[in-house]
Structure formats: structure tokens, C-alpha cells
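Trainee: Structure in C-alpha cells, see below.
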Amino acid sequence: MSEILVLVEHVDGDVKKVTLELLTLARSLGTPAAVWAGPGYSDAAKARLAEYGAEKIYVAAADEIGDYVVAPKAEVLAHLVAERSPAAVFVAATGEGKEIAGRLAVKTDSGVISDAVGVGEGFVAEQSIFGGGVNVHSRVNKGTPIITVRPNSTAPVAAAAAGAEEKVEVALSDAARAARIVERVVQEKGARPELTEAAIVVSGGRGVGSGENFAIIEKLADALGAAVGASRAATDAGWYPHQFQVGQTGKTVSPQLYIAAGISGAIQHRAGMQTSKTIVVINKDAEAPLFEIADFGVVGDLFQVVPQLTEEIEKRK
Ligand SMILES: Cc1cc2nc3c(=O)[nH]c(=O)nc-3n(C[C@H](O)[C@H](O)[C@H](O)COP(=O)(O)OP(=O)(O)OC[C@H]3O[C@@H](n4cnc5c(N)ncnc54)[C@H](O)[C@@H]3O)c2cc1C
């Protein structure tokens with residue numbers, strides 16, 4: 001079967017979950033080959049990639065690759081596309097991933113599909129567009145299909161593979177060295193998972209009523225090991241930081257489980273969450289539009305429902 005290149009997302013040498021998802025997806029369509037670009041590669045990283053199905057691991061571990069912004073990674077991938085003629089290239093649909101994919105498409109004269117929520121036979125990608133109102137299927141018809149896939153689109157499943165390492169040396173162009181990283185600031189992070197990567201997201205909206213009240217949303221999230229999200233009404237009111245806003249002008253999430261409390265379901269909010277696998281809505285108004293796309297709904301006051309739910313989950317631990 002033809003090779004599918006999967007660009008590895010890694011932080012401090014740790015392989016991010018989205019990469020395991022992409023390897024799982026690639027396995028259903030061809031032979032996954034992980035591409036590690038930048039410093040931090042280790043035996044642990046190799047083992048993790050092999051565990052999730054990487055038959056081959058291309059390693060371009062030069063420190064220099066990590067010194068610049070995205071361009072070197074696009075050059076590493078372009079080099080491999082020219083040398084190996086893969087059947088496709090999968091990249092995580094993160095800010096960085098999408099920029100790399102765009103550059104790679106230009107370099108290889110290929111088509112690119114962004115923000116796929118699934119990829120099927122023949123590399124037909126599924127996207128959710130127009131604020132999530134329409135699902136489209138499309139295929140690249142020029143060059144190598146380059147597809148960015150949203151985190152949480154595929155559940156990662158381990159399936160041990162060879163993980164055969166191959167070193168890759170790429171002489172970076174002057175253009176790739178145009179923007180050098182001079183400082184890295186580690187963002188303060190709580191114990192909760194990153195919003196766009198979390199398997200479970202609990203979001204609160206205007207119905208939560210105040211910043212202080214968001215504590216009940218956080219408690220439920222912590223009981224489930226979930227990330228916290230918020231509607232724009234909640235972030236605009238200053239109840240929760242804007243970086244946690246879900247929706248058209250916020251983050252797009254696609255978790256296994258999305259719990260929305262006190263959120264009506266405006267199209268702009270749906271745009272950021274409606275590809276979630278299971279949607280649970282808690283709202284005191286039975287007519288709230290978000291119920292239309294809910295798998296489970298609770299018509300009730302969130303101040304009663306959410307604490308009871310949290311308590312019940314804690315009991316079962
Ligand atoms: C260009 C543009 C971009 C936008 N981008 C986004 C975006 O990215 N994300 C986003 O979320 N919005 C976005 N919006 C705003 C969007 O249109 C809505 O205004 C917003 O999503 C409403 O947030 P909400 O559901 O929390 O509030 P509301 O619509 O006011 O709904 C509050 C809900 O809480 C329920 N409720 C109240 N009290 C309780 C209670 N005690 N228990 C249970 N339920 C209760 C109510 O019944 C109601 O359904 C955008 C708008 C525009 C014009």
C-alpha cells in the first residue's frame with residue numbers, strides 16, 4: 001500500500017494526541033509514515049509513533065528546524081513528497097499545521113483541503129462548512145493530496161508497526177530562515193486539557209449568569225477530565241477568557257462529548273462544535289435551538305442539573 005505522510009505534532013519531545021489520530025486515519029487508507037521535523041526526537045517518541053501504526057518514521061531532527069517558524073517543516077515535507085511520492089500528506093488542522101499545508105501545496109504544486117473532519121477512500125475529505133450547516137465531500141485533483149484534519153476527528157487506536165527510522169537531511173533555503181524564533185514563552189496552563197484537543201468539552205453560556213458561576217462548569221469539567229469552553233455571550237461579558245470561546249469567531253472543537261449548559265445554539269456557536277460526536281444540552285428552555293442537534297437533552301435549570309451531574313460522576317469514580 002502507498003505511503004501516507006503524517007506530520008508529527010510534538011511539544012518538548014512529546015507526541016501530541018492529534019498525531020496518533022492521524023496515524024490511525026492514515027492506516028485505514030494506506031501505510032502510515034510519520035515525519036518528525038525539529039529537535040526532541042527520542043526512543044520514547046519513536047515507540048509512541050510505532051505503537052500507533054507508523055511503519056516508517058522520517059526523522060529530520062536538526063536543531064535548526066526548530067529555530068525558525070513554519071517554513072522549514074514545509075521544506076522537509078516538500079523534500080519527502082519529491083523523493084517518496086506519497087499517496088497523500090496528512091497534517092493536523094492546527095494554526096501551524098494549516099500554514100505548513102498551504103506552503104507545502106505551493107511548493108509541490110498540489111491541491112490542499114483544510115479542516116477535514118474525515119477522509120475516506122480515494123482521499124475524499126469531508127468538511128463541515130457555512131457555519132456547520134453543510135457537509136461537503138471533496139478530493140484533490142492535482143498533485144499530492146494534502147489534507148489538514150481537525151483534532152478529535154478520529155479516535156486514536158493503537159496498532160503496533162515497525163517504526164523503521166530513516167534520517168532526513170534537508171538543506172534549508174534562505175527563505176525558510178526568514179523568520180527566526182527569538183524567544184519562547186510557555187503559556188500558563190492549568191491541569192485541564194487543551195480546548196481543541198480535549199476528548200470532552202463542557203461549555204457554559206449566558207445562562208451561567210456570571211464569572212463566579214463558571215465554577216460549576218469547571219467542576220463538571222474536572223470531574224470528567226474535560227476542557228472548559230464558553231459561548232461568545234459569556235466571553236464578551238468577561239465571565240470567561242476569550243481564548244476559550246467556541247464558535248465561528250472562536251475555537252473549533254470536535255470532541256467525543258460536548259456538554260453545553262445555558263447556551264441557546266446560535267449558528268455561530270454551532271459552527272464551532274457541531275461536529276462533536278455526542279452532544280448533550282442542558283437548557284431551561286425546551287425550545288432552545290441547540291436541542292435540534294443534541295444527542296441527549298436535559299430541560300432544566302443548569303444550577304440544579306450541573307451540580308447533580310458532577311456529584312453523580314464523582315460517585316462513580
Ligand atoms: C459575526 C458573529 C460571530 C459570532 N461568533 C460567535 C462564536 O464564535 N461563538 C459564539 O458562541 N457566539 C458567536 N456569536 C454570537 C451568537 O450569535 C450568539 O449571540 C451567542 O452564541 C449566544 O450565546 P449564548 O447561547 O450563551 O446566549 P443566549 O443566546 O442568550 O442563550 C442563553 C441560553 O441560556 C439559557 N438559560 C438561561 N438561564 C438558564 C439556566 N439557569 N439553566 C439552563 N439554561 C439557562 C436560555 O434559555 C438560553 O437558551 C457571533 C455572532 C456574530 C454576529
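The values are calculated or read from the model by the stated rules, or taken from the named source; none is laboratory data. Here the structure is a predicted model, which is why all the values come from computation and not from measurement. Note that each Cβ is placed from the backbone with ideal geometry, even for glycine, and that neighbours are counted across all protein chains shown. The accessibility values were calculated without ligands, DNA or RNA, using every heavy atom of the protein model including side chains. Shrake-Rupley method; radii C 1.70, N 1.55, O 1.52, S 1.80 Å.
Trainee: Within region 35-53, how many residues are in contact with a helix residue (DSSP H, G or I) (Cβ under 6 Å, 6 or more places away or on another chain) and aromatic (Phe, Trp, Tyr)?
Mentor: The qualifying residues number 1.
Trainee: Answer yes or no as to whether Gly211 is surrounded by fewer than 17 Cβ atoms within 10 Å (Cβ to Cβ), part of a loop (DSSP other than H, G, I, E, B) and within 16 Å of the ligand (Cβ to nearest atom).
Mentor: When the stated conditions are applied, Gly211 passes them.
Trainee: For region 125-144, what are the residues that are closer than 25 Å to Arg84 by Cα and within 19 Å of the chain's Cα centre (by Cα)?
Mentor: Answer for region 125-144, where residues must be closer than 25 Å to Arg84 by Cα and within 19 Å of the chain's Cα centre (by Cα): just Ala125.
Trainee: Quick one: count up the residues across region 196-208 that are in a helix (DSSP H, G or I) and crowded, with 19+ Cβ neighbours inside 10 Å. Spell out how you get there, then give the answer.
Mentor: To start, the set of residues in region 196-208 that are in a helix (DSSP H, G or I) comprises 206-208.
Okay, now just the ones that are also crowded, with 19+ Cβ neighbours inside 10 Å, so 207-208.
Of the residues in that region, 2 qualify.
Trainee: Let me ask you something else. Name the pairs whose Cβ atoms lie under 7 Å apart, with the first residue in region 213-239 and within 21 Å of Leu290 (Cα to Cα), the second away from the ligand (no atom under 15 Å from the Cβ) and part of a strand (DSSP E or B), and 6 or more positions between them or separate chains?
Mentor: Ala221/Ala227; Ala226/Ile200
Trainee: List pairs: first in region 289-317 and without any contact (Cβ under 8 Å) to a residue 24 or more places away in the chain, second within 15 Å of the ligand (Cβ to nearest atom) and of a type in the set (Gly, Ala, Ser), Cβ under 8 Å, 6+ apart or cross-chain?
Mentor: Val299/Ala286
Trainee: Moving on to the next point. Please go through region 156-175 and pick out each residue that is open to solvent by less than 70 Å² (accessible area, probe 1.4 Å) and either within 28 Å of Val201 (Cβ to Cβ) or not assigned by TED's automatic domain parsing to the domain that holds His79 (or both).
Mentor: Of everything in region 156-175, those that are open to solvent by less than 70 Å² (accessible area, probe 1.4 Å) and either within 28 Å of Val201 (Cβ to Cβ) or not assigned by TED's automatic domain parsing to the domain that holds His79 (or both) turn out to be Pro156, Ala158, Ala159.
Trainee: When you scan region 231-312 for strands (runs of 3 or more DSSP E) that lie fully inside it, which ones turn up with 1 or more residues that are open to solvent by less than 10 Å² (accessible area, probe 1.4 Å), under 24 Å from Val117 (Cβ atoms) and more than 7 Å from the ligand (Cβ to nearest atom)?
Mentor: The strands (runs of 3 or more DSSP E) meeting that bar are 257-261, 278-283.
Trainee: Taking the stated definitions as given, is Val59 assigned to a strand (DSSP E or B), within 15 Å of Val170 (Cα to Cα) and in contact with a Lys or Arg (Cβ under 6 Å, 6 or more places away or on another chain)?
Mentor: Yes; evaluated as a whole, the condition is true for this residue.
Trainee: Could you tell me which of the residues Ala160, Ala164, Ala179 is over 22 Å from Ala88 (Cβ atoms) and at pLDDT 95 or above?
Mentor: It is Ala160.
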